[in-house]
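For reference, the structure is listed below as structure tokens.
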Amino acid sequence: MERKLIYIGDDRLRQVSSSVTDEERSGLLILAEEMKELMRKHQGLGLAAVQAGVLKKMFLINLNACVGSNLNGKEIEESEKENIVAFLNPVIQKGLQTVKKMEGCRSIPLIRAEIKRSTITKISFETFAGEKKEWTTKGLLSAAVQHEYDHTEGILYPDRLKEIEQKRFWREFKKRIREKQKEKADLDVSINKE
């Protein structure tokens, strides 16, 4: 069975994911491969397990999509081989300095918004081998870590907007979905939930 991306309107996107236990690690390797396929198919920078329908504190980020960002004081350079990293049971610490940048999400298609994120983020996480790591991220990678981490907490990026901006965002989103539906586009998105 091919794993599918879930979209806004699916209640799982609003739920807090549970931690990955030691017993679950090896079973989630298969999920990680399925998530990589979804990332390739939907051309995503990152993907949280919940977006693949699994409520586990796990996400993937494609470091090749973050070229120029800073990881532990070094600039990420372009690599010819795939460089997708899995983050299990992440915990983040946000820096005080923030910046607003355009952001989007594969689970909320057709629209983007300017979101304020910390410029520097420290993330502690575990690997599939159970190894504990801590990274300091800056730039696009920092924003991606925060975005994917939010998914594990049931938070979507428009939630980071001010209330009036959120209302405008959802109005525009519904308008765009209706237009796509008129075009008979294959889009499985509910516009009544938000």
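In Å², and per residue, what accessible area does the chain have when probed at 1.4 Å with the other protein chains present?
56
Applying both filters, DSSP loop and at most 11 other Cβ atoms within 10 Å, to the GluC sites (Glu not before Pro) of the range 1-46 gives Glu2, Glu23.
Suppose a student asked you for the relative contact order of the chain, using Cα pairs under 8 Å spaced at least 6 residues apart; what percent would you report?
Numbers: 345 pairs, mean separation 47.9, N = 194.
Relative contact order of the chain: 25 percent.
Taking the square root of 5 times each eigenvalue of the Cα gyration tensor, what semi-axes in Å does the equivalent ellipsoid of the chain have, largest first?
Values: eigenvalues 140, 84, 50 Å².
Working through the eigenvalues yields semi-axes of 26, 21, 16 Å.
Just how far, in whole angstrom, is the range 107-173 from the range 1-30 if you go by their alpha carbon centroids? Taking the Cα centre of each part, the range 1-30 and the range 107-173 sit 17 Å apart. Farthest toward the positive end of the dipole of the chain, out of Ala144, Ile177, Pro109, is the Cα of Ile177, where the dipole comes from beta carbon charges about the Cα centre. Split the accessible area of the chain by element, probe 1.4 Å, and carbon with sulfur accounts for 47%.
If you keep only loop residues by DSSP, which trypsin sites (Lys or Arg not before Pro) in the range 1-93 have at most 11 other Cβ atoms within 10 Å of their Cβ? Walk me through the numbers on the way to the answer.
Numbers: sites: Arg3, Lys4, Arg12, Arg14, Arg25, Lys36, Arg40, Lys41, Lys56, Lys57, Lys74, Lys81; in loops: Arg3, Lys4, Lys57, Lys81.
Taking the range 1-93 and a limit of 11 other Cβ atoms within 10 Å, the loop trypsin sites (Lys or Arg not before Pro) found are Lys81.
Which of the GluC sites (Glu not before Pro) found in the range 70-99 are loop residues per DSSP with 14 or fewer other Cβ atoms within 10 Å of their Cβ? Could the numbers behind the result be given before it?
Working: sites: Glu75, Glu77, Glu78, Glu80, Glu82; in loops: Glu77, Glu78, Glu80, Glu82.
Of the GluC sites (Glu not before Pro), the ones in loops of the range 70-99 whose Cβ has at most 14 other Cβ atoms within 10 Å are Glu77, Glu78, Glu80, Glu82.
The values are calculated or read from the model by the stated rules, or taken from the named source; none is laboratory data. Note that the structure is a prediction, hence the values are computed from the model and not measured. We place every Cβ from the backbone using ideal geometry, glycine too, and count neighbours over all the protein chains shown. The accessibility values were calculated without ligands, DNA or RNA, using every heavy atom of the protein model including side chains. Shrake-Rupley method; radii C 1.70, N 1.55, O 1.52, S 1.80 Å.
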